Amino acid sequence: MKPIEIKNLKFGYNKERLVLDNINLSFEPNTITSVLGPNGSGKTTMLKLILGLIKPADGEIFVFGTELKQIPLKERAKLLAYVPQKHNAVFDYKVIDVCAMGRAAYSGVFSSVSKKDLEIAMQSLEKMRISHLADKPYTQISGGEQQMVLIARALAQQAKILILDEPVTGLDYGNQIRLLKTLRDLSNEGITCIKTTHYPEHALWTSGHAVFMRKGKVLASGNTSEIVNSDNLRAIYDTEIVVLQRPIDENSVSTCVPLF
């Protein structure tokens, strides 16, 4: 059974212009899917529809075979975890408390945080290598550190599907690589990861599947090694980009090189 299936999905903020036009996609279990495309291609909008944050004009979304609108909100939270691209903090919660908010689906919004919840939250911070921030006010850490905390909060949610909108935003190069490795480890542990990205090389390094979007339509989807190629990159981004493959030790590594 597919974690997520999208059938004939359409969405527009007004009747004159569709942001998404007849999207049909299915996502593979226990793998990472990278959704690529230029700004305005509809990537973030599609994620919001999958999460049920906005309603489609037409079409259906299924989560493990059940139509999304039939799944109660509390149960959705046990299936789908979301890491937004931006988050504006208001209160000086400690980092550990922000992370523990990911446990709300199990204890209730107004319930006190249990010892087990705090243990799971700390384990999530440790997985992201930021447990040293646990007692710091969330509003007083860097934007990149806040992003890592939001990912830890999603991990604490223990959902089967992790959805991330531009997760490397604000992260330095080292933390970008560590995050990509963490996502790969999570997929190996049985979590389905779906992320938008502006970096096709990140898709090549970690993703089993990729989706190319442009102007609200899916132009290509499939195995990353097959569809992230020079021709598709040129069509999507209107610039010359070459995909190079080089052997390193016993592995073959691909990356993207722009032609100036």
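Annotations for the structure displayed:
- A residue that is crowded, with 20+ Cβ neighbours inside 10 Å, assigned to a loop (DSSP other than H, G, I, E, B) and among the polar types (S, T, N, Q) occurs somewhere in the stretch 207-225.
- Selected residue [over 29 Å from Glu201 (Cβ atoms), outside any loop (DSSP other than H, G, I, E, B) and open to solvent by 20 Å² or more (accessible area, probe 1.4 Å)] from Glu75, Glu5: Glu75
- Filter result for Pro56 (under 12 Å from Lys7 (Cα atoms) and either touching a Ser or Thr at 6+ places or on another chain (Cβ under 7 Å) or not in a strand (DSSP E or B) (or both)): yes
- Selection from the stretch 140-169 of residues that are free of Cβ contacts under 8 Å to residues at least 40 places away in the same chain and either assigned to a loop (DSSP other than H, G, I, E, B) or under 18 Å from Ala203 (Cα atoms) (or both): Ser142, Val168
- Test result for Arg234, open to solvent by 60 Å² or more (accessible area, probe 1.4 Å), of a type in the set (D, E, K, R) and farther than 30 Å from Ile130 by Cβ: yes
- Search result, residues across the stretch 52-70 that are at pLDDT below 95 and of a type in the set (A, V, I, L, M, F, W, C): Leu53, Ile54, Ala57
- Complete set of residues in the stretch 138-148 that are within 29 Å of Lys74 (Cβ to Cβ), more than 18 Å from the chain's Cα centre (by Cα) and open to solvent by 30 Å² or more (accessible area, probe 1.4 Å): Thr139
- Residues satisfying the stated conditions in the stretch 172-206, i.e. in a helix (DSSP H, G or I), surrounded by fewer than 16 Cβ atoms within 10 Å (Cβ to Cβ) and in contact with a Ser or Thr (Cβ under 9 Å, 6 or more places away or on another chain): Lys181
- Comparison of Ala159, Ala235, Ala154 shows that the only residue that is out of contact with any strand residue (DSSP E or B) (no Cβ under 6 Å at 6 or more places or on another chain) and either among the acidic types (Asp, Glu) or under 30 Å from Leu9 (Cα atoms) (or both) is Ala235.
- Taking first residues from the stretch 174-203 that are within 19 Å of Glu226 (Cα to Cα) and partners that are surrounded by 17 or more Cβ atoms within 10 Å (Cβ to Cβ) and aromatic (Phe, Trp, Tyr), the Cβ contacts under 8 Å between residues at least 6 apart in sequence or on separate chains come to Ile194/Phe27.
- Answer from Ile163, Ile151 - the residue that is open to solvent by less than 50 Å² (accessible area, probe 1.4 Å), farther than 19 Å from Ile4 by Cβ and not polar (S, T, N, Q): Ile151
- Filtering Lys43, Lys48, Lys94 for residues that are surrounded by 15 or more Cβ atoms within 10 Å (Cβ to Cβ) and in contact with a strand residue (DSSP E or B) (Cβ under 8 Å, 6 or more places away or on another chain) leaves a single hit, Lys43.
The values are calculated or read from the model by the stated rules, or taken from the named source; none is laboratory data. All values derive from a computational prediction rather than experimental measurement. Methodologically, a virtual Cβ is constructed for each residue, glycine included, from the backbone with ideal geometry; neighbour enumeration extends over all protein chains shown. For accessibility, only protein heavy atoms count, side chains too; no ligands or nucleic acids. Shrake-Rupley method; radii C 1.70, N 1.55, O 1.52, S 1.80 Å.
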